[in-house]
Amino acid sequence: LDDDQLVVDFLAVRDALDWSLPPVWGLSLSRGETPIIPRRLLSYTDHAKPGAGRFDVEGVTHIVQGAPTSSTTARPEVAGAAYIYRNAGALPRARLMGRPVYVASEQAASEAIVRLGASIRSRVVVEDPDRPLAEEAVVQGTATITRDLPEHVEVRTESTGPAYLVLADTDDPGWSATLDGAPVPIRPAFAAFRAVFVPQGPHTVVFRYQPAGFSLGLTI
């Protein structure tokens with residue numbers, strides 16, 4: 001920049017965000033990570049390993065790397081200097097799951113993810129004090145996203161028994177949910193994502209987002 005122009009120290013701004021944002025929004029405090037990554041998402045990625053179903057649970061269908069890898073037999077597609085691998089094991093972004101592993105906290109969820117290893121593909125680690133689903137319950141049914149907007153996601157479910165609807169989107173205090181129009185709690189799944197308990201039969205679950213503190217701020 002010219003001498004008469006303002007020079008912005010972006011690292012200083014980043015450090016200010018690092019200490020000021022977490023207490024307000026529950027974000028990560030760790031250095032080396034942008035503070036706008038939710039702490040719970042870091043808990044998940046730190047404990048779920050790529051070889052043990054991490055990308056499958058996230059619903060990641062393609063992985064981009066800067067160099068070919070020898071850890072997989074899959075052949076990548078080459079796009080310029082990038083190598084694109086297809087993840088054939090990716091689970092649907094919205095899905096019904098059973099066989100819950102109930103935990104009481106984010107830390108306990110992280111420990112369960114490590115303990116379960118690759119079986120997190122078929123078991124949902126959920127923080128739900130109500131424990132409405134039997135731990136060995138096997139679920140059959142479908143979950144279909146019928147509306148998908150940044151702050152409004154609708155999912156239609158159909159199941160032969162009760163289940164957890166898991167949406168592999170990052171959880172945040174600003175999200176709320178309704179089941180057939182009635183408010184229902186969102187339970188953290190796999191420490192970072194969202195789960196809603198749904199009874200047997202057809203249902204519509206709607207997730208809506210409103211920034212934390214929005215209503216209070218509007219009132220003030």
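Brief remarks on what is shown
- Test: residue 167 is without any contact (Cβ under 8 Å) to a residue 12 or more places away in the chain, of a type in the set (A, V, I, L, M) and out of contact with any Asp or Glu (no Cβ under 6 Å at 6 or more places or on another chain): no
- The number of residues in segment 61-110 being of a type in the set (A, V, I, L, M, F, W, C) and either farther than 30 Å from residue 127 by Cβ or open to solvent by 40 Å² or more (accessible area, probe 1.4 Å) (or both) comes to 11.
- Some residue of segment 84-93 being modelled with pLDDT under 90 and either small (Gly, Ala, Ser) or not in a helix (DSSP H, G or I) (or both): no
- Yes/no for residue 179 being within 20 Å of residue 207 (Cα to Cα), more than 19 Å from the chain's Cα centre (by Cα) and at pLDDT 95 or above: yes
- Contact map, segment 61-80: first residue part of a loop (DSSP other than H, G, I, E, B), second residue surrounded by 10 or more Cβ atoms within 10 Å (Cβ to Cβ), Cβ cut-off under 6 Å, separation 6 or more or different chains; pairs are 61/87; 61/90; 68/83; 74/85; 76/83; 76/84; 76/85.
- One residue stands out in segment 154-196 among those that are β-branched (Val, Ile, Thr) and open to solvent by 40 Å² or more (accessible area, probe 1.4 Å): the one that is nearest to residue 121 (Cα to Cα), namely 170.
- Among the conditions (1) modelled with pLDDT of 90 or more; (2) closer than 27 Å to residue 79 by Cβ, residue 34 misses just one, which is (1).
- If you check 103, 126, 78 for being of a type in the set (A, V, I, L, M) and in contact with a Lys or Arg (Cβ under 7 Å, 6 or more places away or on another chain), only one passes: 126.
- Checked against the criterion of being more than 21 Å from the chain's Cα centre (by Cα) and either on the phi < 0 side of the Ramachandran plot or not acidic (Asp, Glu) (or both), the candidates 199, 188 yield just one match: 199.
The values are calculated or read from the model by the stated rules, or taken from the named source; none is laboratory data. For clarity, every value in this text was computed on a predicted model and none was experimentally measured. In this analysis, Cβ positions are derived from the backbone assuming ideal geometry, glycine residues included, and neighbour counts consider all displayed protein chains. For the accessible areas, the whole protein counts, side chains as well, though only heavy atoms, and no ligand, DNA or RNA atoms are used. Shrake-Rupley method; radii C 1.70, N 1.55, O 1.52, S 1.80 Å.
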